[in-house]
Amino acid sequence: MLDPLRQLLRRPDQPAEYCATIVVMSAVTKLDALAIVALAVDRPVERQRTMRPFVPLDEPRDGRGAWVEIEIPKFGEPPPLAIDVYSTVSDDHARLQALTLMAQLEQYTGWSIRPDFTV
């Protein structure tokens, strides 16, 4: 009798999030970095004025896709700027999207960027 009720009250499983990080050795604010990424990939910044704004990298299909979030150094810490590319598809998809974004940003900005994962 309680099993159907437990099934109803269970939270739906969240899709797994895979992350690939690229590192920029430049001093830039989070807002500026999000704007630059949005311009480079021609996508809007979503959830502006929240704790976790992001830039989508592709159109989500079946709730699955890739997006960019930016982590800035804490107060008093020097750069680097970490650009996290998330994917709900796979780790390989996150890495491919990160490398593609890295190439776009290097061309668009002239930044020196390196992946924080093995290629």
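General remarks:
- Going from the fewest other Cβ atoms within 10 Å to the most, the residues THR21, THR29 appear in the order THR29, THR21.
- Projected label points at CYS19 and ARG114, each 7 Å from Cα along the beta carbon direction, are separated by 2.0 nanometres.
- Relative contact order (percent, whole number), region 15-115, Cα cutoff 8 Å, 6+ residue spacing: 38 percent
- In nm, spacing of pseudo-spin labels at ALA27 and LEU96 (7 Å Cα→C-beta vector): 3.9 nm
- Computed over region 15-115, the P(r) tail beyond 15 angstrom holds 59 percent of alpha carbon pairs.
Just so you know, all these numbers are worked out from the coordinates, no wet-lab data involved. What you see is a predicted model; the values in this text were computed from it and never measured. Quick reminder, even Gly has a Cβ in these numbers, built from the backbone with ideal geometry, and neighbours come from all protein chains shown.
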